[in-house]
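Report on the structure given below.
The values are calculated or read from the model by the stated rules, or taken from the named source; none is laboratory data. Since we're looking at a predicted model, the values are computed, not measured. Positions of Cβ are generated from backbone atoms using ideal geometry, with glycine treated the same way; all protein chains shown enter the neighbour counts. Surface accessibility is based on the protein's heavy atoms, side chains included, excluding ligands, DNA and RNA. Shrake-Rupley method; radii C 1.70, N 1.55, O 1.52, S 1.80 Å.
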Amino acid sequence: QRRVNHMSYIRARRLAAPILLASCCAATPAYALSDDETEPPIVVTGRRADALEQPPATVESRDAERIRETTNVVNVEDGLRYLPSLLVRKRHIGDTQAPLATRTSGVGASARSLIYADGVLLSALIGNNNNFASPRWGMVSPGEIERIDVLYGPFSAAYPGNAIGAVVNLTTPVPERAEGSLSLGTSIQHFRQYGTSGTFPAVQAQASWGGRAGRFAWLVAADHVSSDSQPLVYVTVARPAGASAAGTPVAGAFADRNRAGAPIYVIGAGGFERQDRDNLKLKLAFDLNPRLRLTWRGGLFLNDTDARAETWLRSGSAPVYAGTVNIDGRAVTIPATAFSNNVYRLDERHWMQALTLEQSGGAFQWRAIASLYDFGRDRQRIPATALPSAASGGAGSIVRLDGTGWRTFDWVGRWHRGESAATDLSFGAHLDLYRLASDRFSTADWLRGPPGALVQSARGRTRTFALWLQDRWTLTPSLELTLGGRYEWWRAYDGHNLSLAPVLDVTQPELSRNAFSPKASLAWQPADGWRFTLSAARAYRFPTVSELYQAISTGPTLTVPDPNLRPERAFSAELAAERSFADGHVRLSLFSERIHDALISQSAPLVPGSTTLFSYVQNIAEVRTHGLELAFEWRNALIHGLELDGSFTLADPQVVSDPAFPAAQGKDIPQVPRRRATFVATYRAGERASFTVAARYASRSFGTIDNSDIVSHTYQGFDGYFVIDARITWRLTSHLEAALGAENIGNDHYFLFHPFPQRSLTAELAYRW
């Protein structure tokens, strides 16, 4: 759920620094996406997105046809659902807060993975959390996707240290002929838990049209989703141990325990989001010559969300939202904002654009990409008074992130003299500029009123410049060695925090850091179909602006605990054995990751020697994760037309050293399950129909660094889950396709902090030409 407080929404003003090639786009009101995937070549479409970088890492891929057959896709991130060791924490259809968790990092570590679409960065590296720093998936429509490639680990010098977990490359093609699509889909979820029971629908419509006229190609796409979510939060109060006759007697509460095991009452639900979101895309490409292509892409993302709350408490027939009440003979005080904190209105208008110039073919290939992404309008309104009166207006606050955004520039080259060449050299340069600013205003009418006094503000910028080089040598016909390195110059500056009450007005220190990240990989193919790869890499993940300039309340004062955070230093290694055969492959990977100065939020004293604890981002001395991952694909398994694929992951995540919080030492890293698995079975009945059954499994994990959340099946807990999905597709004609699906068929009720969707049914109809 998108919650607003003085330290959670840090937003940026518009970056003014020019970037090469981006000036060509300055006349239009669009600011680019932020994901790094490579462009298709000029003549041949559908090539792998990593052709220039030549990463030595483990890669798993899915093409559009496979995704359509196996997955009920409403938003583009759904396409990653069954890939090994990945979880997109998508709480409901249309969720804008959907970070990617990997085999070594949880959903609260969004800055430890990278998401790219055609070389444009979608990862919001303005923070490292699962709310405003979630990837900007909404800038890509599902119908655009040609393929998805996932690179595991930071073993390629082409990517920054944020690749510690994984790099996701989304490829969308440039049309080579007239083409288009129209689709309509719907989803219906029935949700029942505590005092909430209801049906929550969603509707999606997509359209695209593209073509080519000589050297010029174009694609126009639009995607609209309207959805109603299940509750994203529950309202709880502590359950007193002693009896009391005080307070107004009420009924409707549910006795339970919180994640720490303490007794609570669950008295209502909030964050029921009614959401309308639109994605509009335009892609233009011009072939300057048979080897050189210029491509411009622009996007507009619109999101209009209203969230409501409901109480289950009744005094007679009247709903109760606040005050001192009596539940089962115990007096409980409900704060005025207990329910209204989960009521809000969100208005987002984000722009993106990117310009790519790429030369393909020949011994020397290169690509230059400039991208811009801008939170042109991002405003959230929240009431400050109690329901039900707050539903009709009254005092509140407005949080603006208008102008938050980033600029990136990447130049990549590759020198390669053919398959028989002894060396394959790739190299490049990178520049990124992030600017964040968050302004919180008071308002007399949270529904429609203008902003009043500025009560809190947080601002800051980061900049990174990098050069990298990577070479792959063929030592013998069966042995390849890849060596690379990345040198980065990082700077954080213009940090400032302001608050009226508690009083805070401080300009933060400027920071800078240079770092070199070496990479090495050795691949051995002892026989046809066999491949063994040993990879190792050092990676630096620099602090984001929101980590540096967070502010926390310490009672009567507000403070920024550590504006001098150090970068994470990761050492990653993987040994992978892969056996390929005519109808598939199987891979076993042993992986290890050790991070020094890991950036994790935890409880610790602000003043050395104090017994008072506060929660804030700190450098944890050392964490490490060891594990294994088994992945396989088997086509025509057992019978013709049956395809099986799946994965199984075992991990041992541990906090090795934490002097600031010794209770965490030896405990599991937050939000990283020890076991997870996927399994997908698809049967193709001829050319027209396919039937898929898929399963997702994960063991429970912990939300706290000291693993004090002993209860997983409760609000804010992190449950294990076992979810079964199904999908049937029919090709009614060569152009018309229909699909029916079901998700969470077994109706598993589980929490990943938030309550997750229960059983849902989907239906789609698509026409493609």
Condition set part of a loop (DSSP other than H, G, I, E, B) and among the hydrophobic types (A, V, I, L, M, F, W, C), scope the stretch 525-567, selection surrounded by the fewest Cβ atoms within 10 Å (Cβ to Cβ): answer is Ala527
| query | Being assigned to a strand (DSSP E or B) and out of contact with any Leu (no Cβ under 6 Å at 6 or more places or on another chain), is that true of even one residue in the stretch 698-716? | reply | yes
task: Determine, yes or no, whether Ala570 is touching a helix residue (DSSP H, G or I) at 6+ places or on another chain (Cβ under 7 Å), under 29 Å from Thr58 (Cβ atoms) and part of a strand (DSSP E or B).
output: yes
Asn169 vs (1) buried (at least 24 other Cβ atoms within 10 Å of the Cβ); (2) over 30 Å from Val623 (Cα atoms); (3) not β-branched (Val, Ile, Thr): all pass except (2)
Exactly one of Trp446, Trp468 is crowded, with 22+ Cβ neighbours inside 10 Å, touching a helix residue (DSSP H, G or I) at 6+ places or on another chain (Cβ under 9 Å) and among the hydrophobic types (A, V, I, L, M, F, W, C), and that one is Trp446
Filter the stretch 304-344 for residues that are of a type in the set (Phe, Trp, Tyr) and touching a helix residue (DSSP H, G or I) at 6+ places or on another chain (Cβ under 9 Å); the one that is surrounded by the fewest Cβ atoms within 10 Å (Cβ to Cβ) is Tyr321
For the stretch 729-769, the count of residues that are farther than 26 Å from Gly143 by Cα, open to solvent by 30 Å² or more (accessible area, probe 1.4 Å) and touching a residue at least 40 places away in the same chain (Cβ under 8 Å) equals 2
Leu355 meets each of (1) of a type in the set (A, V, I, L, M); (2) surrounded by fewer than 22 Cβ atoms within 10 Å (Cβ to Cβ); (3) over 30 Å from Ala245 (Cα atoms) with one exception, condition (2)
(message) Can you say whether Ala202 is crowded, with 22+ Cβ neighbours inside 10 Å, among the aliphatic types (A, V, I, L, M), under 33 Å from the mean Cα position of the chain (by Cα) and assigned to a strand (DSSP E or B), as far as the supplied structure shows?
(response) no
query = Do we have any residue at all in the stretch 245-252 that's crowded, with 22+ Cβ neighbours inside 10 Å and of a type outside the set (S, T, N, Q)?
reply = yes
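Residue by residue, here is whether (1) in a strand (DSSP E or B); (2) in contact with an Asp or Glu (Cβ under 8 Å, 6 or more places away or on another chain); (3) farther than 19 Å from Asp378 by Cβ; (4) charged (D, E, K, R) holds:
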| residue | (1), (2), (3), (4) |
| --- | --- |
| Asp402 | no, yes, no, yes |
| Leu425 | yes, yes, yes, no |
| Asp432 | yes, no, yes, yes |
| Gly449 | no, no, no, no |
| Asp471 | yes, yes, yes, yes |
| Thr474 | yes, yes, yes, no |
| Tyr487 | yes, no, yes, no |
| Pro509 | no, no, yes, no |
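A quick yes/no check of all residues on (1) free of Cβ contacts under 8 Å to residues at least 40 places away in the same chain; (2) charged (D, E, K, R); (3) open to solvent by 10 Å² or more (accessible area, probe 1.4 Å); (4) on the phi < 0 side of the Ramachandran plot:
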position: Arg68; (1), (2), (3), (4): no, yes, yes, yes
position: Val73; (1), (2), (3), (4): no, no, yes, yes
position: Pro84; (1), (2), (3), (4): no, no, no, yes
position: Lys90; (1), (2), (3), (4): yes, yes, yes, yes
position: Gln97; (1), (2), (3), (4): no, no, no, yes
position: Ala101; (1), (2), (3), (4): no, no, no, yes
position: Gly106; (1), (2), (3), (4): no, no, no, yes
query: For Phe364, are the conditions met, namely being of a type in the set (Phe, Trp, Tyr), closer than 28 Å to Ala285 by Cα and surrounded by 22 or more Cβ atoms within 10 Å (Cβ to Cβ)?
result: no
From the option list Asp347, Asp378, Asp410, single residue qualifying as open to solvent by 30 Å² or more (accessible area, probe 1.4 Å) and either touching a Cys at 6+ places or on another chain (Cβ under 8 Å) or part of a strand (DSSP E or B) (or both) is Asp347
All-but-one check, Gln456 against (1) surrounded by 23 or more Cβ atoms within 10 Å (Cβ to Cβ); (2) of a type outside the set (Lys, Arg); (3) more than 24 Å from Ala307 (Cα to Cα), failing number (3)
Being in contact with a Phe, Trp or Tyr (Cβ under 9 Å, 6 or more places away or on another chain), surrounded by fewer than 18 Cβ atoms within 10 Å (Cβ to Cβ) and not hydrophobic (A, V, I, L, M, F, W, C), is that true of even one residue in the stretch 423-432?
yes
Restricted to the stretch 500-526 and to residues being of a type in the set (A, V, I, L, M) and modelled with pLDDT of 95 or more, the residue farthest from Ala577 (Cα to Cα) is Leu511
From the option list Ala255, Ala241, single residue qualifying as in a loop (DSSP other than H, G, I, E, B) and open to solvent by 60 Å² or more (accessible area, probe 1.4 Å) is Ala241
- [ ] Restrict the check to the stretch 283-290 and report whether at least one residue is crowded, with 17+ Cβ neighbours inside 10 Å, under 30 Å from Trp366 (Cβ atoms) and either touching a Phe, Trp or Tyr at 6+ places or on another chain (Cβ under 6 Å) or of a type outside the set (A, V, I, L, M) (or both).
- [x] yes
Restricting attention to the stretch 668-697, the residues that are in a loop (DSSP other than H, G, I, E, B) and open to solvent by 70 Å² or more (accessible area, probe 1.4 Å) number exactly 3
Going through the stretch 740-769 in order, the residues found to be acidic (Asp, Glu) and in a strand (DSSP E or B) are Glu743, Glu764
Taking the stretch 258-268 and the residues there that are in contact with a strand residue (DSSP E or B) (Cβ under 8 Å, 6 or more places away or on another chain) and surrounded by fewer than 16 Cβ atoms within 10 Å (Cβ to Cβ), the one that is nearest to Gly703 (Cα to Cα) would be Ala262
Just one listed residue, out of Ser512, Ser521, is among the small types (Gly, Ala, Ser), within 31 Å of the chain's Cα centre (by Cα) and surrounded by fewer than 16 Cβ atoms within 10 Å (Cβ to Cβ), and it is Ser512
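Every residue, every condition in (1) within 30 Å of Trp218 (Cα to Cα); (2) among the aliphatic types (A, V, I, L, M); (3) touching a residue at least 60 places away in the same chain (Cβ under 8 Å), yes or no:
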position	(1), (2), (3)
Arg291	yes, no, yes
Trp296	yes, no, yes
Leu302	yes, yes, no
Asp306	no, no, no
Ser315	no, no, yes
Ala322	no, yes, yes
The residue from Glu39, Glu53, Glu69 that alone is at pLDDT 50 or above and in a loop (DSSP other than H, G, I, E, B) is Glu53
Over the stretch 183-199, the set of residues surrounded by fewer than 18 Cβ atoms within 10 Å (Cβ to Cβ) and closer than 20 Å to Leu302 by Cβ is Leu184
